[in-house]
Amino acid sequence: MKPLNRRELQIGEIHEILYAMLQYLDEVCRENHITYFLSGGTAIGAIREKGFIPWDDDLDIMLPRGEYDRLIRCLEERNHPAYKVYSLRDSTWNRPYSCLVDETTEGRHELVNYSHIGVTMDILPMDGLPDSFEKVKRYYRILRLKYAFYYSSIKEDYAEGEKLLWAKKLMGVLARRIGAHRISEHIDRCARKMDYATANYVGCSVLIHFMEKERFDKDWFKSQEYVAFNGGAFPVMNGYDEYLRALYGNYMKRPETESDPDHHTHYYRKNGKGD
């Protein structure tokens with residue numbers, strides 16, 4: 001997809017937009033007594049950098065499924081003039097998780113056709129996972145196959161050197177007929193079958209980034225611990241050290257190359273604002 005013919009937002013501008021979105025979401029959660037946690041790279045930034053990882057261009061939060069559903073409803077009812085929450089309740093949405101999007105911005109992804117792209121906060125549900133580690137591994141292996149089908153439904157271009165292109169293009173014909181929304185609904189339904197409340201282990205089971213590493217002891221998410229972030233204070237899980245080590249190993253060590261090798265999205269202001 002060709003970039004828009006206007007000035008691309010710089011990473012500092014993106015961080016300003018994301019921080020305002022986080023302040024808004026935190027306000028909504030406090031008012032409605034919703035428990036959420038900074039997660040992934042955002043949690044690393046909070047603990048290691050006391051703010052954003054310098055090259056991170058999105059923001060991640062996670063929360064138990066029941067809280068997740070409540071948050072989506074609260075954000076829809078609040079109806080912020082600049083922000084919109086997208087979820088599978090919207091038939092035009094094509095991801096198996098939800099996002100809060102700054103609607104004054106828009107984006108272009110180089111490889112896939114995500115719907116409603118703009119500067120984005122990912123809102124990720126947590127569901128139960130089996131006690132058996134082998135069952136967890138099996139679940140994520142099957143989910144990886146579903147994701148191959150899902151990405152085929154939204155693929156617009158291929159990265160240099162991708163393997164099995166003929167198979168991926170053939171798969172894409174069928175996947176596009178089914179549609180990314182329906183595939184995402186299937187992924188969501190399967191994840192919801194494993195109840196958070198009764199599980200000993202939990203994780204985000206609608207994504208494949210970390211596969212079976214996503215299996216966490218539920219005790220790590222018993223409470224929120226507020227930490228410094230960008231001049232404010234926002235919550236991570238009480239077991240943030242165990243959580244981050246499970247995903248990243250030594251997360252306190254900055255990588256030698258301070259950049260994101262997977263950056264494929266470019267962001268702009270709508271209607272030429274900020275040119």
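The values are calculated or read from the model by the stated rules, or taken from the named source; none is laboratory data. Computed from a prediction, not measured in an experiment: that's the story for all the values here. Neighbour counts run over all protein chains shown; Cβ positions are idealised from the backbone, glycine included.
Of note:
- Residue list for segment 81-112, filter: in a strand (DSSP E or B), without any contact (Cβ under 8 Å) to a residue 40 or more places away in the chain and among the aliphatic types (A, V, I, L, M): 85, 101
- Enumeration of residues in segment 175-212 that are loosely packed, with under 14 Cβ neighbours inside 10 Å and within 23 Å of residue 240 (Cβ to Cβ): 197, 200, 209
- Applying the criterion of being more than 22 Å from residue 179 (Cα to Cα) and charged (D, E, K, R) to the residues of segment 99-115, the residue that is surrounded by the most Cβ atoms within 10 Å (Cβ to Cβ) is 102.
- Qualifying residue in segment 118-132 (condition: without any contact (Cβ under 8 Å) to a residue 12 or more places away in the chain, assigned to a loop (DSSP other than H, G, I, E, B) and of a type in the set (Gly, Ala, Ser)): yes
- Note on segment 58-80: among residues that are under 17 Å from the mean Cα position of the chain (by Cα), at pLDDT 95 or above and outside any strand (DSSP E or B), the one that is farthest from residue 126 (Cα to Cα) is 75.
- Restricting segment 8-33 to residues that are touching a strand residue (DSSP E or B) at 6+ places or on another chain (Cβ under 7 Å) and in a loop (DSSP other than H, G, I, E, B), the residue that is modelled with the highest pLDDT: 9
- Taken over segment 170-221, the criterion of being among the acidic types (Asp, Glu) and without any contact (Cβ under 8 Å) to a residue 60 or more places away in the chain is satisfied by 217, 219.
- Listed here are the strands (runs of 3 or more DSSP E) enclosed by segment 212-269 that have at least 3 residues being at pLDDT below 95, of a type outside the set (D, E, K, R) and within 29 Å of residue 114 (Cβ to Cβ): 265-269.
- Members of segment 125-135 that are surrounded by fewer than 22 Cβ atoms within 10 Å (Cβ to Cβ) and either at pLDDT below 95 or under 30 Å from residue 52 (Cβ atoms) (or both): 127
- Scanning segment 174-203 for residues that are of a type in the set (A, V, I, L, M) and part of a helix (DSSP H, G or I) returns 174, 175, 178, 180, 183, 187, 191.
- Only a single criterion out of (1) in contact with a strand residue (DSSP E or B) (Cβ under 9 Å, 6 or more places away or on another chain); (2) modelled with pLDDT under 95; (3) surrounded by fewer than 16 Cβ atoms within 10 Å (Cβ to Cβ); (4) not in a loop (DSSP other than H, G, I, E, B) is not satisfied by residue 167, namely (1).
- Of the listed requirements (1) under 21 Å from residue 40 (Cα atoms); (2) in a loop (DSSP other than H, G, I, E, B), residue 115 misses just one: (1).
- Residues satisfying the stated conditions in segment 54-92, i.e. surrounded by 21 or more Cβ atoms within 10 Å (Cβ to Cβ) and among the hydrophobic types (A, V, I, L, M, F, W, C): 59, 61, 62, 63, 71, 75, 85
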